[in-house]
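The values are calculated or read from the model by the stated rules, or taken from the named source; none is laboratory data. The structure displayed is predicted, hence computed values, not measured ones. Positions of Cβ are backbone-derived with ideal geometry, glycine not excepted, and every protein chain shown enters the neighbour counts. All accessible areas refer to the heavy atoms of the entire protein, side chains included, with ligands and DNA or RNA removed. Shrake-Rupley method; radii C 1.70, N 1.55, O 1.52, S 1.80 Å.
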Amino acid sequence: MSTATQALPESVTDTATLIAELARELPADCLITDTGRLRAYECDGLMLMREMPLVVALPATEAQVIAVLRTCHRLGVPVVPRGAGTGLSGGATPHAQGVVLSTARLNRIVSVDRLAQQAVVQPGVRNLAVSEAAAPHGLYYAPDPSSQIACSIGGNVAENSGGVHCLKYGLTVHNVLRVRLVSMAGEVMEIGSEAPDSPGYDLLALTIGSEGLLGVVTEVTVKLVPKPRVARCVLAAFDDIRRAGQAVADVIAAGIIPAGLEMMDQATTAAVEQFVHAGYPLDATAILLCESDGTAEEVEDEIARVRALLDAAGATEIRVSSDEAERLRFWAGRKAAFPAAGRISPDYYCMDGTIPRKRLAEMLEAMNAMSARYGLRCLNVFHAGDGNLHPLILFDSNVPDELHRAEAFGVEILELSVALGGTITGEHGVGLEKINQMCTQFAPDELDMFHRVKAAFDPAGLMNPGKAVPTLHRCAEMGRMHVHHGELPHPELPRF
Amino acid sequence: MMTTSFHAVLREQVLDAAARGGTLRPHGSGSKDFLAQALAGTPLDMRGVQGVIAYEPSELYITAHAGTRIADIEALLASHQQMLAFEPPHFGASATLGGVLASGLSGPRRVAAGSLRDFVLGVSLMDGQGRVLRFGGQVMKNVAGFDVSRLIAGSFGTLGLVLDVTLKVLPVPQAEQTRVLELDETEALVRLREWGAQPLPLSASAWHDGRLCVRLSGAQVAIDAAARLIGGEAADGCAATGYWQSLREHLQGFFAGDAPLWRVALPPVAPRLPIDGDVLLEWHGMQRWLRSDADADALRHVVSALGGHATLFRGGRALDRELGVFEPLAPEVMAVHRRLKQAFDPSGVFSPGRLYAEL
Ligand SMILES: Cc1cc2nc3c(=O)[nH]c(=O)nc-3n(C[C@H](O)[C@H](O)[C@H](O)COP(=O)(O)OP(=O)(O)OC[C@H]3O[C@@H](n4cnc5c(N)ncnc54)[C@H](O)[C@@H]3O)c2cc1C
């Protein structure tokens, strides 16, 4: 998968004409055309896929976004929107015959309104910058992807990103109220509104998670929520993965929705401990992190209930953070899982399936077996509360065949996620990476409907083409079997 | 009837209507027939199959056939101390899940918990070509493909036949208390905004005629602390439950009578509406019910200048209803609506004109 394979519309324009036309619309410093500087845009966070774009445009105003899109539309040139390039599924991988439209210069916080609990921001604003701007008002923006110091709000909207707090506070879709969307034809649409339940079809829901296929987001109104007065974290160790999985179900079944509920397996704990020295119990098969937030009284009450449940579920050790420093230390390892993987292995490949919570132990056991079979180590970190798994497959691309095995391992995990009643992607998106597995998760008629939805916004098919939704032809060639509702075609055959 | 044979019957009707240029109007109990634009099309009863398909309390979801009574779903959830946190209005004892989804309405708790569409996890749908399509699923996090299931929420049966729906469910709060305060409208709006910007367990608010009711939900200790800060009197527990339910169902005196009922949605800090009429505020002032004979155009003008939108919810002049009960859409947004309608329903079979005359 070194080169991105995309279905391209027939290129109708030579590069020189394209550059000349764009140069008429944009100041010189808003266009990148030399190979050296274009390299920086060759890939997003999915570094396994690379492609050189013809041009990178860096519009600084919405009017310039419109001009770029109109020009490309007229010339029949594909456009790939790009935020911070931290996406993990190749959504921002360039198109070989296309323009990359970067939102890096659309990075202004337009307003923060304490009483309205809303902020209006341009798409290139970093996720964390929104919370920082809201902090003086005692407010914050709830979705907190681990990449929040770098990733952009526009990218979050396009991927419907989540974070460790989305169990209680929701995903991007629950926290964005309105966007301005510029279509490929250069028309501006106000979608959603600052008032509740805007009229007509819920185009906002369609736009969020659309992976840049429907238009370019040029402004976003986000909801801000009051910062809880207190947050504390419980760390529980388990010597059995099933027991840890059961403990998660017990907490939820008891009517508790923790602010965060995360799990790490032993391999992960060991890897991150070297890195962050959080004092994790290294002999535990799995550890759970369960956060409670609210008023001091609420937190105390909830922590007591959680503690009792974890105890009853057979936790071998339970610690409760006594102050903010300790709480952050508990989380440090979880947040450092990716860099830790990068430290102990030359390469790693991050997966993103979601499964029903109750299948957690089953899934873990299956992945252990796959790990042995492919001869590759795998670190497991999960958003356990919502069943979203992030197995990190460790490999070395310099060892012949390891990349290939890592990919095959990944595909098997995704297909098992679907078979267990889940999905191939909980928050990282399909992009180019998981496009073949879309043929597993969806039937041809459903994929056809996705193409129709795209065409309703982008009849010319020039906006981030070839991503997220496979052609039916591609699925037929892949020979993928569509798994209907978790029923495998031949359930009698062993699969792992 | 078996699900598969019911779907076969539906498919036959859809294909037949598509072939001869006919139209269909999917319906449940008819409790929401009064909403939206006039009904058109041959009635198609979606209650041929009913019942819960899957409910797993610890997985926080429920899947049921669209024809299932919403009251039955809520009773089942309540027996497991769970609830539909968006508190959908029923507007009739036999209201169905499909109708709740299609109308897209949420009740008092929306201000804290989110709206109906926030709780939609998956939908299966028969499109205008008679194809059964499934979108979303039963897990909380799922970004594979466009979010079609949320698109269906509030689409009033214009995009397809909703066959089954999966909703996220939440635990009922440990405790609740309603506080009552005597305040005028402006003061109520100011206080609600101020409370809303703080981490307080407010789960609903309503103001009418000098009386503000605020519901607090969560741990008893947190409620007690918030009650001290908010002040007012505690309403008697049972009466309070009845209050929020009768508000949700529009059974209170404010909603009686023939004066046109407008639903006005406004951004959080909008001031008192400069329009004659009786007003009832909900959602910290973001939803305002207005009984008023004001001219529809003039009212919409005022509301949209404040960043909001207005729906003629009940009653009103025939001419106003004909012109459209929903806020008109910008032309480029309407163009996308038309193309989406075409994508799902190429022959224009489903509920023509129910949402907008153009769809
Ligand atoms: C270390 C690390 C940790 C991560 N942790 C998380 C996590 O916890 N949770 C999570 O959900 N994700 C996580 N991610 C993934 C990634 O950060 C998110 O998907 C993020 O939202 C991408 O934002 P971006 O600005 O980098 O977008 P990009 O990667 O630049 O683009 C992503 C997609 O959005 C489109 N796009 C970008 N801007 C716009 C726009 N203005 N209009 C239209 N389309 C646009 C692009 O075309 C592309 O399809 C992580 C990534 C890394 C590298």
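In what order, largest first, do A:Leu328, B:Leu202 sit by accessible area if the probe radius is 1.4 Å?
A:Leu328, B:Leu202
Could you give the semi-axes, largest first, of the ellipsoid that matches the stretch B:3-171, computed as the square roots of 5 times the alpha carbon gyration tensor eigenvalues and rounded to whole Å?
25, 17, 15
Take the alpha carbon gyration tensor of the protein assembly as shown, find the square roots of its eigenvalues, order them as a ≥ b ≥ c, and report rounded if a/c is under 1.5; if not, report prolate when a/b exceeds b/c, else oblate.
In terms of gyration-tensor shape, rounded.
Please sort A:34-40, B:137-143, A:374-380 by packing, taking for each peptide the average over its residues of neighbouring beta carbons within 10 angstrom, highest first.
Ranked from most to least packed, the peptides come out as B:137-143, A:374-380, A:34-40.
If amide hydrogens are placed 1.01 Å from N in the peptide plane, which non-local residues have theirs closer than 5 Å to the one on B:Leu183?
Amide H neighbours of B:Leu183, under 5 Å, 5+ apart: B:Arg211, B:Leu212.
If you count, for every residue in A:293-303, the Cβ atoms of partner chains within 10 Å of its Cβ, what is the mean?
5
For A:Arg178, list long-range residues whose amide hydrogen, built 1.01 Å from N in the peptide plane, is under 5 Å from its own amide hydrogen.
Under 5 Å from the amide H of A:Arg178: A:Thr221.
Kirkwood hydrodynamic radius (Cα pairs, Å) of chain A?
23.5
Return the sequence-ordered ³J(HN,Hα) values of the stretch A:73-79 in whole Hz as given by the Karplus equation 6.51 cos²θ - 1.76 cosθ + 1.60 applied to θ = phi - 60°, using x for Gly and Pro.
Taking θ as phi minus 60°, the curve returns 4, 5, 8, x, 9, x, 10 Hz for the stretch A:73-79.
Once the convex hull of the C-alpha atoms of the stretch A:230-338 is built, how many Å³ does it hold per residue, rounded to a whole number?
Expressed per residue, the convex hull around the Cα atoms of the stretch A:230-338 is 85 Å³.
For peptide B:268-277, compute the average count of partner chain beta-carbon atoms within 10 Å of each residue's beta-carbon.
Mean shielding count: 2.
Hey, what do the phi angles of the stretch A:44-53 turn into as Karplus ³J(HN,Hα) couplings, whole Hz, using 6.51/-1.76/1.60 and θ = phi - 60°, x for Gly and Pro?
9, x, 8, 6, 5, 10, 9, 7, 8, x
Which value in deg cm²/dmol, rounded to the nearest 500, describes the helix-derived mean residue ellipticity at 222 nm for the protein assembly as shown, given -39,500 (n - 2.57) per DSSP H run of n ≥ 4 and division by the residue count?
Value at 222 nm, helices only, nearest 500: -9500 deg cm²/dmol.
Would you list which lysines come within 26 Å of A:Lys227, measuring only between C-alpha atoms, while excluding same-chain residues fewer than 8 positions from it?
Output for A:Lys227: A:Lys168, A:Lys335, B:Lys141, B:Lys168.
Treat every Asp and Glu Cβ in chain A as -1 and every Lys and Arg Cβ as +1, leave all other atoms uncharged, and give the resulting dipole magnitude about the Cα centre to the nearest 20 debye.
Result for chain A is approximately 580 debye, rounded to the nearest 20.
Need the C-alpha centroid separation for the stretch B:137-212 versus the stretch B:17-93, integer Å.
19
Karplus couplings for the stretch A:292-305 from phi (6.51 cos²θ - 1.76 cosθ + 1.60, θ = phi - 60°), rounded to Hz, Gly and Pro as x?
10, 9, x, 6, 3, 5, 4, 5, 4, 4, 5, 4, 4, 5
Stokes-Einstein diffusion coefficient for the stretch A:1-152 at 37 °C in a medium of 0.692 mPa s, Rh from the Kirkwood formula over Cα pairs: what value in µm²/s?
198
Dividing the convex hull volume of the alpha carbon atoms of chain B by its residue count, what do you get in Å³ per residue?
140
To the nearest µm²/s, what D does Stokes-Einstein give for the stretch A:109-226 at 4 °C and 1.567 mPa s, using the Kirkwood radius over alpha carbon pairs as Rh?
Taking Rh from Cα pairs, D becomes 93 µm²/s.
I'd like the isolated cysteines in chain A, meaning no second cysteine's beta-carbon lies under 4.7 angstrom from theirs.
By the Cβ distance rule, which asks for a partner under 4.7 Å, the isolated cysteines are A:Cys30, A:Cys43, A:Cys72, A:Cys151, A:Cys166, A:Cys233, A:Cys290, A:Cys350, A:Cys378.
So with the 1.4 Å probe, I'd like the accessible area per residue for the protein assembly as shown, rounded to whole Å².
Averaged over the residues of the protein assembly as shown, the accessible area is 35 Å².
Taking Cα atoms of the stretch A:345-419, Rg/Rh with Kirkwood Rh, to two decimals?
Dividing the radius of gyration by the Kirkwood radius yields 0.97.
Partner chain Cβ atoms within 10 Å, averaged over the residues of A:252-264 - can you pull that number for me?
2
Based on the Cβ-Cβ distance from B:Ala175 to A:Ile19, what FRET efficiency comes out when R0 is 60 Å, to the nearest 0.05?
Calculated transfer efficiency: 0.35.
Please list, in chain and number order, the residues 5+ apart from B:Asp278 or on another chain whose amide H is under 5 Å from its amide H, with Hs placed from the backbone.
Residues meeting the criterion, in which the H sits 1.01 Å from N, are B:Arg291.
Write down, largest first, the equivalent ellipsoid semi-axes of the stretch B:79-147 in whole Å, where each equals the square root of 5 times an eigenvalue of the alpha-carbon gyration tensor.
So the three semi-axes of the stretch B:79-147 are 23, 17, 11 Å.
Can you tell me which of B:50-56, B:109-115 comes out highest on packing, and rank the rest after it, using the mean Cβ neighbours within 10 Å?
By packing density, highest mean first, the sequence is B:109-115, B:50-56.
Using a Gaussian network for chain B with springs between C-alpha atoms less than 10 Å apart, which of these wobbles most: B:Asp297, B:Asp278, B:Asp320?
Largest GNM mean-square fluctuation: B:Asp297.
Which order do A:Val399, A:Val120 take when ranked by solvent-accessible area (1.4 Å probe, heavy atoms of all protein chains), largest first?
A:Val399, A:Val120
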